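To keep things clear, I will list the structure first and then write my remarks on it.
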Amino acid sequence: LLSVDGLKVLHMDRNDYYGGESTSLNLTKIWKRFKGSEATPDHLGVSKEYNVDMVPKFMMANGALVRVLIRTSVTKYLNFKAVDGSFVYNNGKIHKVPATDVEALKSNLMGLFEKRRARKFFIYVQDYEEEDPKSHEGLDLHKVTTREVISKYGLEDDTVDFIGHALALHRDDNYLDEPAIDTVKRMKLYAESLARFQGGSPYIYPLYGLGELPQAFARLSAVYGGTYMLNKPECKVEFDESGKAFGVTSEGETAKCKKVVCDPSYLPDKVTKVGRVARAICIMKHPIPDTKDSHSVQIILPKKQLKRKSDMYVFCCSYAHNVAPKGKFIAFVSTEAETDKPEIELKPGIDLLGPVEETFFDIYDRYEPANAPEEDNCFVTNSYDATTHFETTVKDVLALYSKITGKELDLSVDLNAASAGESEAA
């Protein structure tokens, strides 16, 4: 975004690959990272046919990241596929997430009377237009809370649970006591994204995995004069007497700059730890049971259903996305860690997968910046969270863009002026 904006950008990375934490690795690299050796078992197939995301996330078809991709023309470097299904865990079973009034009537998540109430609520959300007071039904959504709107429709707790966590994609229940406008906008985004490709979910995913994204951004930045340096050890940020960053040193050379943008690992003394993410990566020979044989799927397990403090997320993709050898599926289970035992904590999600050939467990710390960029010229991103979609990450990127440039990014692109990559997805 900054290169397209005309700023002079030098990108340094201590790794020998693009994307930092959000890269995709082949089987040999995964084995080395989690098991300490490079000898992989034959039954898992050829290493280079694997592109396993270290931070697995889908993109909302109508969401902010897709708007950024289209606005910067990165779409010409990528091909997307619509994700087959979006499900929610409820009372021990998984159900398709109903997103419209028609789907609410078909859903086996609710009893007959609840379906009718949910249908009325969905129609209200679908018809709601901020500029049209007639569609507001007398409610000022900037003032009334989500709880008040929901109680007007008399919805049961289980229904509220899937609407809040699987449709509006909230990570906790604070939204119930916040203005309802945010939840209604999130629900509308979900429904619009779902309608976009007429698929079974609102999500899309790039062929060859998410590691393609940073590479595509790198290509685009280079077109606009950005310079990329991989494999740069140490990357030490230099500060002047007043504490302002003025450059970055690696291998004895200092690149001078006005602003430094980095992830928390490059400036550990300017961030605070805010949590931990527990994750399991599972290799399987079959789709997840009860997902209609979907090759790609998201399942959200709301925290109430698991009696936890935070939701759990299951993400699955397969050889259909060129991320594994033929016949292989890769599932990820992630959540905000509450203990030091990911294998026990992630069990509810793993239990949904059926037989698994190989599992890798991972637990990592999550950081947020604790500095003042206007004082030290350092712009630090948040760590990736446990969610399986990019909405939170893009929010962070756009906020950083505004802090660095002093202006808001206009994301009002015409999504229907479809690019080649999109017609491919459709």
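The values are calculated or read from the model by the stated rules, or taken from the named source; none is laboratory data. Treat the numbers as computed from the prediction; the structure is a model and nothing was measured. Because the Cβ atoms are built from the backbone with ideal geometry, glycine has one as well, and the counts that use them run over all protein chains shown. Please note that ligands, DNA and RNA were not included when accessible areas were found on the heavy atoms of the full protein model with its side chains. Shrake-Rupley method; radii C 1.70, N 1.55, O 1.52, S 1.80 Å.
Data for the structure
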item: Trypsin sites (Lys or Arg not before Pro) within region 129-196: DSSP coil, no more than 14 neighbouring Cβ in 10 Å; result: LYS143
item: GNM result for the chain, Cα springs below 10 Å: residue of PRO369, PRO325, PRO233 fluctuating most strongly; result: PRO233
item: Pairwise FRET efficiency - LYS48 versus GLU408, Cβ, R0 = 41 Å, nearest 0.05; result: 0.45
item: GNM flexibility winner over the chain from ILE70, ILE204, ILE300 (Cα, springs under 10 Å); result: ILE70
item: Violating pairs (Cα-Cα greater than 32 angstrom) within the set LYS32/LYS285; LYS57/LYS292; LYS29/LYS285; LYS259/LYS309; LYS29/LYS236; result: LYS259/LYS309
item: Mean ellipticity per residue at 222 nm, deg cm²/dmol - from DSSP H runs of n ≥ 4 across the chain, formula -39500 (n - 2.57); result: -7500 deg cm²/dmol
item: Over region 269-336 - Rg/Rh using Cα atoms and the Kirkwood inverse-distance radius; result: 1.10
item: Additional length obtainable on full extension of the chain from ASP293 to LYS307, 0.36 nm per residue less Cα span; result: 2.2 nm
item: Spatial extent of the chain: Rg and Dmax, with the Cα atoms as the point set, Å; result: 22.1, 71
item: Unit charges on C-beta of K, R, D, E only; dipole of region 333-419, Debye; result: 240
item: LYS309, LYS303, reordered so the largest accessible area comes first (probe 1.4 Å); result: LYS309, LYS303
item: The chain: relative contact order in percent, alpha carbon pairs under 8 Å with at least 6 residues between; result: 23
item: Stretchable slack from LEU112 to GLN198, in nm (0.36 nm times residue separation minus alpha-carbon distance); result: 28.3 nm
item: Top of LEU27, LEU409, LEU346 by mean-square fluctuation, Gaussian network on the chain, Cα under 10 Å; result: LEU409
item: Per-residue SASA entry for PHE34, accessible area with 1.4 Å probe, Å² rounded to 10; result: 50
item: Label-point gap, in nm, between ALA399 and ASP269 - each point 7 angstrom along Cα→Cβ; result: 2.5
item: Rounded to 5, percent antiparallel among DSSP beta bridges of the chain; result: 85
